[in-house]
Amino acid sequence: MKSLLVIRHAKSSWSTADLLDFDRPLNERGKRDAPAVADALIKKNVSIDTFISSPAKRAKKTAQYFCEAYQKDKDDIIFKPALYHASPEVFYEVIKSIGKNSDTVAIFSHNPGITEFVNTLTDTRIDDMPTCGVYAIQMQEDDWAKFEKAEKTFWFFEAPKLL
């Protein structure tokens, strides 16, 4: 069985108007929410063995907070530039490339694509994926290459406002 956690980056800062969208950092709330949500997953006994992220600053930092909570090396995060404002098709392509040895994968990305993607996975719908929201599913297949056509089961949803 494989498990996928789709995680929207934590709350970002808009305080510097001349920054490119790609370079926006987390704001103070985002810096609190990311470790809190990661800790909530740890308390649920959710393990993560692979971290994949958009390289945008806010997604990268969110993934780093999760790595810290899971006591994983931040250098092990796999950065996929295509996850920056990705379409559902891009998510499927990224997932297809995950190695068979990864059982639980966390993917960090952005709206609106992340909401569109999670709504293709199961009958459990999300109107708007909140910042630092986690949409988790499981599949019985043992190969990520089979993910797109595999039957997927909604596992759980977590978000800062639910803590």
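The values are calculated or read from the model by the stated rules, or taken from the named source; none is laboratory data. Here the structure is a predicted model, which means the values were calculated and not measured. Every residue, glycine among them, receives a Cβ derived from its backbone with ideal geometry; neighbour counts consider all protein chains shown.
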### Task
Give the residues of region 88-112 that are over 14 Å from the mean Cα position of the chain (by Cα) and more than 20 Å from residue 1 (Cβ to Cβ), sorted by residue number.
89, 93
### Query
What are the pairs, 6+ residues apart or on separate chains, where a residue within region 31-49 that is on the phi < 0 side of the Ramachandran plot has its Cβ under 6 Å from a residue that is at pLDDT 95 or above and of a type in the set (Gly, Ala, Ser)?
33/10; 34/10; 35/69; 38/69; 39/69; 48/106; 49/102
### Message
Among the numbered criteria (1) touching a residue at least 24 places away in the same chain (Cβ under 8 Å); (2) crowded, with 19+ Cβ neighbours inside 10 Å; (3) of a type outside the set (Ser, Thr, Tyr), which one does residue 67 miss?
### Response
(1)
### Query
From the set of residues in region 116-133 that are more than 16 Å from residue 152 (Cα to Cα) and either among the small types (Gly, Ala, Ser) or touching a residue at least 40 places away in the same chain (Cβ under 8 Å) (or both), which is surrounded by the fewest Cβ atoms within 10 Å (Cβ to Cβ)?
130
### Query
Within region 31-55, how many residues turn out to be under 13 Å from the mean Cα position of the chain (by Cα), part of a loop (DSSP other than H, G, I, E, B) and buried (at least 19 other Cβ atoms within 10 Å of the Cβ)?
2
### Message
Six or more apart or on different chains, Cβ atoms under 8 Å: show the pairs whose first residue is in region 78-100 and at pLDDT below 95 and whose second is buried (at least 17 other Cβ atoms within 10 Å of the Cβ) and assigned to a helix (DSSP H, G or I).
### Response
85/113; 99/144; 100/144
## Note on the structure
Scanning region 1-21 residue by residue, the ones that are surrounded by 14 or more Cβ atoms within 10 Å (Cβ to Cβ) and part of a helix (DSSP H, G or I) total 0
### Task
Might you let me know whether region 122-145 holds any residue that is under 18 Å from residue 52 (Cβ atoms), of a type in the set (Ser, Thr, Tyr) and modelled with pLDDT of 95 or more?
yes
### Query
When the residues of region 134-163 are filtered to those that are part of a helix (DSSP H, G or I) and buried (at least 18 other Cβ atoms within 10 Å of the Cβ), which remaining residue is farthest from the chain's Cα centre (by Cα)?
144
